[in-house]
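To start, the structure under review is shown below, and the notes come after it.
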Amino acid sequence: MAVGLLGGAFDPPHNGHVALARAAIDALGLERLLVLVVVDPGHKGVATPAPTRLELARLAFRDVPRTEVELDPHARTVDSLEALRIDDPVFVLGADELVDFPGWKEPERVLELARLAVAQRPGVPDERMRETHERLSAPGRISYFDLSPVPVSSTLVRERVSRGEPIDDLVPPAVAEAVARLGLYASD
């Protein structure tokens, strides 16, 4: 049984993240899924401090069996994998992220340290995924699974909150409650 890894800023975590976790656990037969809340993502800014995002992620994934949520002090995936030293983990990512994978820090080393499991969903052209897959030195280390589309993003959640609109359809109930309780993402 494999250990899966799902990393991100989770600013905030939303129903798409939860659906991805559930689909990965089921499709890949994961023994456990380690959700890594990246303290300082190297590829994007964050609006909320890491301890708050960790709390939100723990609320979001608490009803997903076999998940554990931890802070990840490393900005880059390769550094996280080197530090974790898990035997042949499965790094879970979306098809859009696979297309960007060759631009990651040491993508070939990432493939040495972990297998990739890519969630296929509409919106990412198959041709772009195929081109990326074929350019990598270890394409056999990449597998694919289906994910029903969940039309949500963390940006959309933050925008709705800033406009005073409800987010109940975008995030798990406990996350919506925590966002309101903590006054997150509201416009000043």
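Read-outs: derived from the displayed coordinates by stated rules, not from any lab. Just so it is clear, the model here is predicted, and its values are computed rather than measured. Backbone-built Cβ (ideal geometry, glycine too); neighbour counts: all protein chains shown.
The protection proxy used here, the mean number of other Cβ atoms lying within 10 Å of each residue, ranks peptides 125-133, 99-107 as follows, highest first: 99-107, 125-133. For the listed peptides 36-47, 6-17, a ranking on the average number of other beta carbons within 10 Å per residue, highest first, reads 6-17, 36-47.
Backbone amide hydrogens, once placed in the peptide plane, bring Val69 within less than 5 Å of Val35, excluding anything fewer than 5 places away on its chain.
In the chain, a dipole from Cβ-located charges (positive for Lys and Arg, negative for Asp and Glu) runs towards its positive end, and of Val38, Leu56, Ser148 it is Leu56 whose Cα lies farthest in that direction. Scalar couplings 3J(HN,Hα) for the range 36-49, obtained by applying the Karplus form with A = 6.51, B = -1.76, C = 1.60 to θ = phi - 60°, are 9, 8, 6, 4, 9, x, x, 9, 7, x, 10, 9, 10, x Hz; x denotes Gly and Pro. What does the C-alpha gyration tensor say about the overall shape of the range 101-188? Classify as rounded when a/c is under 1.5, otherwise prolate if a/b is larger than b/c, or oblate. The shape class here is prolate. Taking the Cα centre of the range 2-151 as reference, the dipole from Cβ charges on Lys and Arg (+1) and Asp and Glu (-1) amounts to some 200 debye. Note on Thr155 and Arg85: the model spin-label points, each 7 Å out from Cα along the C-beta direction, lie 3.9 nm apart.
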